Amino acid sequence: MGDGAIGGRFTTDRDNYQPATFQRVSNAVWTVCGTASDNAGLCAARVRVNTNEWTTAHGTTTWHLDQRLEPGTNVIWAYAVDAYGNESLTGSVKVIYVVSDLMVVQTDGSGSITPNYHAQWLEIGRRCSMYAQGVNGFTSRIGATSTGW
């Protein structure tokens, strides 16, 4: 949530807001959490991702809520409401949901592959290179498969 005040009383703490802005995450569902304070007491913290509906989080001064992310950049919005109905400033962070898949590398012939990404989880859409080197007159070829590519 954004640093801010309503009537000089209501504050939120950006240092205690998770995830951090531009954090890269690999889970489709992410637990968003934060803190808020007010001398009159709090009645709710509300959260949304991108343009989805606002949802009431669990807890008030320390709150959390599981939210579904879309692949790529997501904007997570949050604000809190005090006992008098005053709303904090709405804060936001951007988080990047990275979709990955398991790489399977198959070779035919003697030689080596550098680097060998076989059985590694790689980010879909991010470019990577592997080089094949044949030995003793053999040529090498690389075949890579992944269910999500």
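Table for the structure above
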{"quantity": "Under-5 Å amide H pairs with Gln23, H placed in peptide plane, nonlocal only", "calculated": "Ile96"}
{"quantity": "Gyration tensor verdict on the stretch 11-97 (Cα atoms; rounded if a/c is under 1.5, prolate if a/b is larger than b/c, oblate otherwise)", "calculated": "prolate"}
{"quantity": "Note, ³J(HN,Hα) from phi for the stretch 93-105, Karplus 6.51, -1.76, 1.60, rounded to Hz, x at Gly and Pro", "calculated": "9, 9, 10, 10, 8, 9, 8, 10, 8, 7, 8, 10, 10"}
{"quantity": "Pairwise label distance in nanometres, Ala119 with Asn86, each label 7 Å out on the Cα-Cβ vector", "calculated": "5.9"}
{"quantity": "Highest-first arrangement of 117-129, 59-71, 77-89, where packing means the average Cβ count within 10 Å", "calculated": "77-89, 59-71, 117-129"}
{"quantity": "Radius of gyration and maximum dimension Dmax of the stretch 22-149, Cα, Å", "calculated": "23.2, 81"}
{"quantity": "³J(HN,Hα), Karplus 6.51/-1.76/1.60, whole Hz, each residue of the stretch 109-116, x for Gly, Pro", "calculated": "x, 8, x, 9, 10, 9, x, 9"}
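Bear in mind that the values in this text are calculations on the coordinates, not laboratory data. Since the model is a prediction, treat every value here as computed from it, not as a measurement. All Cβ positions, even for glycine, are placed from backbone atoms using ideal geometry, and neighbour counts span all protein chains on display.
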